[in-house]
1. Please give the length that would be gained between residue 70 and residue 129 if that part of the chain were fully extended, namely 0.36 nm times their separation in residues minus their C-alpha to C-alpha distance (nm, one decimal).
2. Grab the beta carbon distance between residue 9 and residue 92, set R0 = 25 Å, and tell me the FRET efficiency rounded to 0.05.
3. Using Cβ contacts closer than 10 Å as the measure, can you line up 70, 19 from fewest to most?
4. For 33, 9, what's the fewest-to-most ordering of other Cβ within 10 Å of each Cβ?
5. If I stretch the segment between residue 54 and residue 36 completely, what's the gain in nm (0.36 nm per residue apart, minus their alpha carbon distance), one decimal?
6. Taking neighbour counts of Cβ atoms within 10 Å as a proxy for exposure, in what order, fewest first, do 53, 126, 39 appear?
C-alpha cells in the first residue's frame, strides 16, 4: 500500500485439496501466493502484510516449530521474505475479500503485467541523490554506464 491505497491485486482459485484447508491455512496460503506473485517487489524489501485474520498474526509471530505441521510448510515458503504481519479490521479493508467473490476459472498463469495495476511512485529527491551517489561509486555500474554510453 502506498498512502493507505493498494497498488496491485491478484487472485487465483484454490485447488481441490486446498479447498479442504482450515481457514487459517487458506489465509496463510494467500500470503504465500502474494509474496511469491509479487516477488519482484517483495523480495529484499521490508513488507507489511495486512490481514483481517487475527489467528494468522499470532501464528506468524511464533517460532516455526510451534506452528501446526501444514502451516510449517507454508511458513517455510515465507522465510526468504522480510515481512511484518499486521491485523486490521475487515471493515477497514473493504477490498480484502472482493477478488475471492469472483474467482477466475482460467488456469493459464497470468503475467505480472496482466495482474498489476500499478500507480506511478514518486521518488523523493534525496532518495534519487542517494541512488546517484551509490551508482557512481559502484564499479560494476560504472562499467555498465560506460558500456551503455560508449558502446
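1. Once the chain is fully extended between residue 70 and residue 129, it gains 16.6 nm.
2. The computed FRET efficiency comes out at 0.90.
3. 19, 70
4. Lowest count first: 9, 33.
5. Once the chain is fully extended between residue 54 and residue 36, it gains 4.3 nm.
6. Ranking 53, 126, 39 by Cβ neighbours within 10 Å, fewest first, gives 126, 39, 53.
Values in this text are rule-based calculations from the coordinates and carry no lab data. Note that this is a predicted model, so its numbers are computed, not measured. Note: ideal-geometry Cβ built from the backbone for every residue, glycine included; neighbour counts use all protein chains shown.
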